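Single-structure report; data block below.
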Amino acid sequence: MTISLYNHCFNKSRLLVLAVVSLLTAGAVKAQTKDSTVQVQKEEDFYTIQTIPVPEGVLLEVGGMTFLPDDALAVSTRRGEVWIISNPYMRNGARPVYRLFARGMHEVLGLNYINGDIYAVQRSELTRLRDLDGDGEADEYETVYSWPLAANYHEFSYGPVLDKEGNMILTLNLGWVYDHGESLSKWHGWMVKITPDGKLKPFAAGMRSPSGFGLNSAGDIFYSENQGDWVGSGYITHVEEGDFVGNPASLVWSHLPGSTVKLKKEDIPDTGEPKYDVAQRVPGLKPPTVWFPHTVLGISTSGILNYDDKGMMGPFKDQLFVGDQGQSKIMRVYLEKVKGVYQGVVFPFREGFSSGILRMNWGSDGSMFVGMTSRGWGSTGKGLFGLQRLHWNGKTAFEMKTIQARPDGFEIEFTEPVDERSARDAASYQVSSFNYKYHHNYGSPVINQGSCPLKAIVVSPDRMKVRLVVDSLRLGYIHEIRAEGVLSAQRHTLLHDYGFYTLNQLPDGDRIVITAENKVSAPAMQHQHMEHTAGAAANNTAKAAAATVKHLTKQPADWTKGADRTITVGTKPGLKFDLETITVKAGSKIRLVFNNDDDMLHNLVITKPGAADNVGAAATKLGLNGEKAWYVPAIPDVLFHTRLLGPAEKETIYFTAPSQSGDYQYVCTYPGHYVVMRGILKVTK
């Protein structure tokens, strides 16, 4: 009765809110629906993806890529091979030619051509490869430097990237034990440098899975954090000597000679506060430069590519392109330095690649070569591996080129002049902020969400910039800035209408004087707040309604004789359930125990026949609120489900099998997993 009364009251209030919102926006909506001149842009209108064919039998699970002086592309694989690909551009319609250059190595996840030689990073060493007799194959495999291993599956190694002093930068992955990361071997969880005279120098600590890193145009180092414990979401961080970037497991080596980090594991609090807040009390802890909101802009942040003079990819010079292994897409990052600290904004750029993106390189023609592997972990691109090439056709998309922080808000710079009427309309924008927990858990829900009402809007005289005066800015928070209603002067929609700005410092400078001309009216501000509140409340109610029917963790009282059957399902490496088929009788009472034996987050969702893809796609679209909803969308295709379980967690649910016979799919709906992690609940009469 209480639930029914609550729903009744909520629905009435929600209808009232929506009615007010409708009145406020009716004019704008009506105008837009009548305006047939508005042109919607698509990524493929500007950026084309071309697949480079791979010979049959070659498992090109790309771990590293580098171009050679003759414009051939060298590609290393997790299988321990290095392939040289001639004519990867497929000029004149000719197919590329593959030649096996090196083999027999241990999982090469990094490759670079430096000072006339090819350098490969294996799990346990930095290796120099040389072809001494000129037959096109490596004859010499020289160990430049080696490090110990504990034979843990996750002890990956990455690099080398050459820094501006001529040192080779490497990163070493943490191992994984039971349900958390551990540094089982010396300097794992660290970024290290190999000096020109062959010595190892520890540089920075606190990395969990540092699969991608590179230099920006200023020569500063940035690394990308993939996912894991102490990682609320993906991010990139500016790394300086002596930095500790977050995972305490690496601090087991901080007492050793040569360590540049003096923190100890016990110095790191596990409170679940935002990382920025903890960093104010723990000297040496560095928060991310730019956060990548989980499932919205990737789930497994990977390679970093600086847009320097080698590239030709639109008007975004000196920005960074960052790949994602789980969602098979590339993001774009604009950085600025405020009071000596890097911060900035991440935008979507191009999705639709064939597998999980790990590496990116510039070709000699300015196109971008993208090396991929799903590695058995799954990706939205369903290929197990692949090599593709991204071209820009020379047309400029209408985009938010940059977003810069201002003392009273943000300034958006566009790639084309804006339509002034839409740019001055407060209904065109929405700004909010949120954060993640810094704690020992794997991942984090979105926390401390809040709206940032607009107070004023100023369009520059050339209509290339819009200044937003924003209330309720918060240091250390991710600010979501949406400009869905802004059109170009040519009546184009934005190709991507949102970005996420990480505000680490508030700049000095002039504040906008609010006048009658630029002031945002109170109804518009109220509209933004109500829209945000209504959306959050609707999400919570949908989750509560789904939980009462589809997520039962206590045996129903009317099951006086207990369950007809108990089924235990676990996980296997490679995004798999350990049971691929379960057969039950229609209408039987089922007790299902789900054990997450993996090192990643998983759930188990039982769907209607043939609905697994639809449910998985709907889960991904939950965006920022996905983790709070356990990535279970409130749609009829979902029949029963567990909550989202962390590593080594388990949960028991109860349900009555469907009365209709058929093949009902069960799937993990954590973003990216549903493509491969599934099974069949076979219901028989």
Lone unmet requirement of (1) over 30 Å from Ala619 (Cα atoms); (2) more than 20 Å from the chain's Cα centre (by Cα) for Met368: (2)
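Does the stretch 540-551 contain any residue that is closer than 25 Å to Val667 by Cβ, surrounded by 15 or more Cβ atoms within 10 Å (Cβ to Cβ) and modelled with pLDDT of 85 or more?
Kept after step one, since they are closer than 25 Å to Val667 by Cβ, are these residues of the stretch 540-551: 540-551.
Add one more test, that the residue is surrounded by 15 or more Cβ atoms within 10 Å (Cβ to Cβ), and what stays is 541-543, 546-547, 550-551.
This time we only want the ones that are modelled with pLDDT of 85 or more, so: 550-551.
Within the stretch 540-551 (the criterion being closer than 25 Å to Val667 by Cβ, surrounded by 15 or more Cβ atoms within 10 Å (Cβ to Cβ) and modelled with pLDDT of 85 or more), the answer is yes, since at least one residue qualifies.
Pick from Lys608, Lys585, Lys621, Lys628: which is more than 17 Å from the chain's Cα centre (by Cα) and under 27 Å from Tyr498 (Cα atoms)?
Numbers: Lys608 fails: under 27 Å from Tyr498 (Cα atoms); Lys585 fails: under 27 Å from Tyr498 (Cα atoms); Lys621 fails: more than 17 Å from the chain's Cα centre (by Cα).
None of the others qualify; the one that does is Lys628.
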Filtered residue count, the stretch 359-368, keeping only those that are in contact with a Gly (Cβ under 6 Å, 6 or more places away or on another chain) and either of a type in the set (A, V, I, L, M) or assigned by TED's automatic domain parsing to the domain that holds Asp70 (or both): 1
Residues that are basic (Lys, Arg) and in a strand (DSSP E or B), drawn from the stretch 39-80: none
Hits in the stretch 362-373 (condition: crowded, with 24+ Cβ neighbours inside 10 Å and either in contact with a Phe, Trp or Tyr (Cβ under 7 Å, 6 or more places away or on another chain) or among the β-branched types (Val, Ile, Thr) (or both)): Met368, Val370, Met372, Thr373
Near pairs, Cβ below 8 angstrom, 6+ apart or cross-chain, from the stretch 94-105 (part of a loop (DSSP other than H, G, I, E, B)) to any residue that is among the charged types (D, E, K, R): Arg103/Glu81; Met105/Glu81
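Matching residues to (1) under 26 Å from Tyr276 (Cβ atoms); (2) at pLDDT 95 or above; (3) touching a Pro at 6+ places or on another chain (Cβ under 8 Å); (4) not assigned by TED's automatic domain parsing to the domain that holds Leu645:
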| residue | (1), (2), (3), (4) |
| --- | --- |
| Asn167 | no, yes, yes, yes |
| Met191 | yes, yes, yes, yes |
| Ala204 | yes, yes, no, yes |
| Ile221 | yes, yes, no, yes |
| Glu241 | yes, yes, no, yes |
| Val252 | yes, yes, no, yes |
| Ser259 | yes, yes, yes, yes |
Matching residues, the stretch 208-233, being part of a loop (DSSP other than H, G, I, E, B), closer than 17 Å to Val322 by Cα and among the charged types (D, E, K, R): Asp220
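Among the residues of the stretch 296-306, is there at least one that is more than 20 Å from Phe213 (Cβ to Cβ) and either at pLDDT below 95 or not aliphatic (A, V, I, L, M) (or both)? Spell out the reasoning first.
First pass over the stretch 296-306, keeping only residues more than 20 Å from Phe213 (Cβ to Cβ): 296.
Subset that is either at pLDDT below 95 or not aliphatic (A, V, I, L, M) (or both): 296.
Among the residues of the stretch 296-306, at least one is more than 20 Å from Phe213 (Cβ to Cβ) and either at pLDDT below 95 or not aliphatic (A, V, I, L, M) (or both), which makes the answer yes.
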Residue match in the stretch 348-357 (condition: farther than 27 Å from Thr77 by Cβ and either in the same structural domain as Thr571 (by TED's automatic domain parsing) or touching a residue at least 40 places away in the same chain (Cβ under 8 Å) (or both)): yes
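Among the candidates Phe385, Phe353, Phe347, which residue alone is more than 13 Å from Gln325 (Cβ to Cβ) and buried (at least 20 other Cβ atoms within 10 Å of the Cβ)?
Details: Phe385 fails: more than 13 Å from Gln325 (Cβ to Cβ); Phe353 fails: more than 13 Å from Gln325 (Cβ to Cβ).
Of the residues listed, the single one that is more than 13 Å from Gln325 (Cβ to Cβ) and buried (at least 20 other Cβ atoms within 10 Å of the Cβ) is Phe347.
What do you reckon, is Tyr664 out of contact with any His (no Cβ under 9 Å at 6 or more places or on another chain), free of Cβ contacts under 8 Å to residues at least 60 places away in the same chain and buried (at least 23 other Cβ atoms within 10 Å of the Cβ)? It would help to see each step written out before you state the result.
Numbers: out of contact with any His (no Cβ under 9 Å at 6 or more places or on another chain): yes; free of Cβ contacts under 8 Å to residues at least 60 places away in the same chain: yes; buried (at least 23 other Cβ atoms within 10 Å of the Cβ): yes.
Yes: the conditions hold for Tyr664.
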Residue within the stretch 622-634 that is part of a strand (DSSP E or B) and touching a Ser or Thr at 6+ places or on another chain (Cβ under 7 Å) present: no
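The values are calculated or read from the model by the stated rules, or taken from the named source; none is laboratory data. Not measured: the values here are computed from a predicted model. Cβ atoms come from the backbone with ideal geometry, glycine included; neighbour counts cover every protein chain shown.
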